[in-house]
Amino acid sequence: EVELVESGGGLAQPGGSLRLSCAASGFTFSNYAMNWVRQAPGKGLEWISYITASGRTTNYADSVKGRFTISRDNAKESLYLQMQSLRVEDTAIYYCVREVQLQSNWFDPWGQGSLVTVSS
Amino acid sequence: IQMTQSPSSLSASVGDRVTITCRAGQSINSYLNWYQHRSGKAPKLLIYGASNLQSGVPSRFSGSGSGTHFTLTISSLQPEDFATYYCQQTYNNPTFGQGTTVEI
C-alpha cells in the first residue's frame, strides 16, 4: 500500500524554526517528484514546494520562498521541509504529497498531515 | 494561474445530481484535477487530466472540460459525498480553487 506519513509538527514561536519529515512506503520513492501542500485554519489548499525525483531541482511558492527549504533522502525514502523565520500565518496543516507525471500530472496520494502552529 | 470555483457551497439531497464549476485564468489545456477533502482526512484524488476517473473512485463522479472551463459532476449524491471539493491546475506552479463545500 502506498503511504506517506508526516511528522515533526508542533508549536513554534514567530521567527522560529521547525523541520517536517515525511516517510514514504509502498512505492519506489526515488522515481517520483514530491510536494508539500498546506491548509491554514478555515482556508483552502495552498501548494508551497516541489522537488524533482533526483532532488536536483526545487520550486517554492512566493509565500515561503527564502524561508522554507525542501529536500529529500532517497536512500531513506524520506521528504523534508525545513521551515525558518516562521510567521503566525504559517500556521496550517502541512501535507506531503506524491506527484504522478504521465500525460498530465496530479497529486496522489496525500499524507494525513502534520499540524504546525506558530504562536507566541 | 488563478482558479475560480462556483458555487462556494451548496446544499443537496441524497440522489441529487450535483455540478461544480472551475474556471482558469488562462488556458490550461487539460491540466486540471479534482480532489475531495473530508474533514480530518487526507485529500483524495477523484479526477485527473480533466476527465479521467482515478482508480477506485465511484463512477458517479465525472469530470469534463478543457482550456479554461471545467466541471465536476456527481450523478447521484451519496451521504459519504459530504465534503469540500477542490480543482487544481498543474499547467504551471500548481494552484487550487477556493473549494466548494457540499452539504447533504
*For the stretch A:104-120, in order, what is each residue's ³J(HN,Hα) by Karplus, 6.51 cos²θ - 1.76 cosθ + 1.60 with θ = phi - 60°, in whole Hz (x at glycine and Pro)?*
9, 9, 8, 9, 5, x, 10, x, 6, x, 10, 7, 10, 10, 10, 7, 8
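Determine the percent antiparallel among the DSSP beta bridges restricted to chain A, to the nearest 5.
Among the beta bridges of chain A, antiparallel pairing accounts for roughly 95 percent.
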*asked:* Just to be sure I understand the curve: with the Debye formula and one point per C-alpha of chain B, what is log10 I(q)/I(0) at q = 0.21, 0.22 Å⁻¹?
replied: -1.05, -1.15
*Using only Cα atoms, locate the centre of the stretch A:48-112 and the centre of the stretch B:56-104, then give the distance between them in Å, rounded to an integer.*
23
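Pairs of alpha-carbon atoms within less than 8 angstrom and 6+ residues apart define the contacts here; what relative contact order does the stretch A:25-120 have, in percent?
Relative contact order here is 27 percent.
With the convex hull built on the Cα atoms of the stretch B:1-48, state its orientation-averaged projected area in nm². All intermediate terms of the calculation are to be shown ahead of the outcome.
Details: hull surface 17.9 nm².
Mean projected area of the Cα convex hull: 4.5 nm².
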*Take the Cα gyration tensor of the protein assembly as shown, multiply each eigenvalue by 5, square-root it, and list the three semi-axes largest first, rounded to whole angstrom.*
29, 19, 17
*Quick one: dipole size for chain A, taken about the Cα centre, charges +1 on Lys/Arg Cβ and -1 on Asp/Glu Cβ, in debye to the nearest 20.*
340
*Check each of the trypsin sites (Lys or Arg not before Pro) in the stretch A:1-66 and keep only those in coil by DSSP with at most 15 other C-beta atoms within 10 angstrom; list them in order.*
A:K43, A:R56, A:K65
*Quick one, can you get me the convex hull of the C-alpha atoms of chain A expressed as volume per residue in Å³?*
99
_Below 8 Å between Cα atoms, with a sequence gap of 6+, how large is the relative contact order for the stretch B:25-91 in percent?_
40
*Mind computing the radius of gyration and Dmax over the alpha-carbon atoms of the stretch A:16-87? Å is fine for both.*
12.5, 37
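Each reported figure results from applying straightforward, stated rules to the coordinates on display, with no laboratory input. Note that this is a predicted model, so its numbers are computed, not measured. Cβ coordinates were reconstructed from backbone atoms using ideal geometry, including for glycine residues, and neighbour counts include every protein chain displayed.
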